[in-house]
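K.L.:
Quick one: structure below, then a few questions.
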Amino acid sequence: MENNEIQKFLPLSESTYYILLSLVESRHGYAIMQHVETISSGTVTIGPGTLYGAFSNLEKAGLIRITGEEDRRKYYQLTALGKQVLAEQIHRLSIMADNGQKALPDLEK
């Protein structure tokens with residue numbers, strides 16, 4: 001996949017980033033909301049309206065797909081494109097964090 005195709009999705013919003021990160025393995029909506037709160041150490045909470053709106057957009061964009069349905073729960077997971085977009089976002093965040101760490105001593109003066 002062309003890098004330009006991936007770049008059009010970036011930067012991800014914080015909630016979209018955490019949704020995609022949660023979908024490295026197949027999960028349903030409520031499990032995603034719980035997982036996001038856990039992995040973000042409680043700094044990010046995603047409500048049902050945000051989540052289900054994101055599902056629709058992410059599915060149309062080809063970043064996630066439905067992997068199954070059980071008791072009215074739909075399970076979602078990243079597509080290959082979704083994995084590439086998430087990996088690029090993680091790379092971008094890593095660069096940002098590295099630059100922040102380098103600048104931190106100057107900010108503490």
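K.L.:
If you go through the range 1-13, how many residues are part of a helix (DSSP H, G or I) and either polar (S, T, N, Q) or at pLDDT 95 or above (or both)? Walk me through how you get there before you give the answer.
P.N.:
In the first step, residues of the range 1-13 are kept if they are part of a helix (DSSP H, G or I); the result is 3-7.
From what's left, either polar (S, T, N, Q) or at pLDDT 95 or above (or both): 3-4, 7.
Number of matching residues: 3.
K.L.:
For the range 28-107, please list each of the helices (runs of 4 or more DSSP H) lying entirely inside it that holds at least 3 residues being closer than 27 Å to Asn3 by Cα, among the small types (Gly, Ala, Ser) and out of contact with any strand residue (DSSP E or B) (no Cβ under 7 Å at 6 or more places or on another chain).
P.N.:
On the way: elements: 29-39, 48-61, 80-107.
Here the list reads 48-61, 80-107.
K.L.:
Right, something else. Contact list please: Cβ distance under 7 Å, first residue in the range 56-82 and free of Cβ contacts under 8 Å to residues at least 40 places away in the same chain and closer than 12 Å to Ser26 by Cβ, second residue of a type outside the set (Phe, Trp, Tyr) and part of a helix (DSSP H, G or I), pairs at least six apart or on different chains.
P.N.:
Cβ pairs passing all conditions: Arg65/Glu59.
K.L.:
Scanning for something more than 17 Å from the chain's Cα centre (by Cα) and surrounded by fewer than 17 Cβ atoms within 10 Å (Cβ to Cβ), does the range 74-89 turn up at least one residue? So that I can check it myself, show each step before the final result.
P.N.:
In the first step, residues of the range 74-89 are kept if they are more than 17 Å from the chain's Cα centre (by Cα); the result is 74.
Add one more test, that the residue is surrounded by fewer than 17 Cβ atoms within 10 Å (Cβ to Cβ), and what stays is 74.
Yes.
K.L.:
I need the full set of residues from the range 14-27 which are outside any helix (DSSP H, G or I) and not hydrophobic (A, V, I, L, M, F, W, C), in order please. Can you show your working first?
P.N.:
Of all residues in the range 14-27, those outside any helix (DSSP H, G or I) come to 23-27.
Glu25, Ser26, Arg27, listed by residue number.
The values are calculated or read from the model by the stated rules, or taken from the named source; none is laboratory data. Please read all numbers here as calculations on a predicted model, not as lab measurements. Methodologically, a virtual Cβ is constructed for each residue, glycine included, from the backbone with ideal geometry; neighbour enumeration extends over all protein chains shown.
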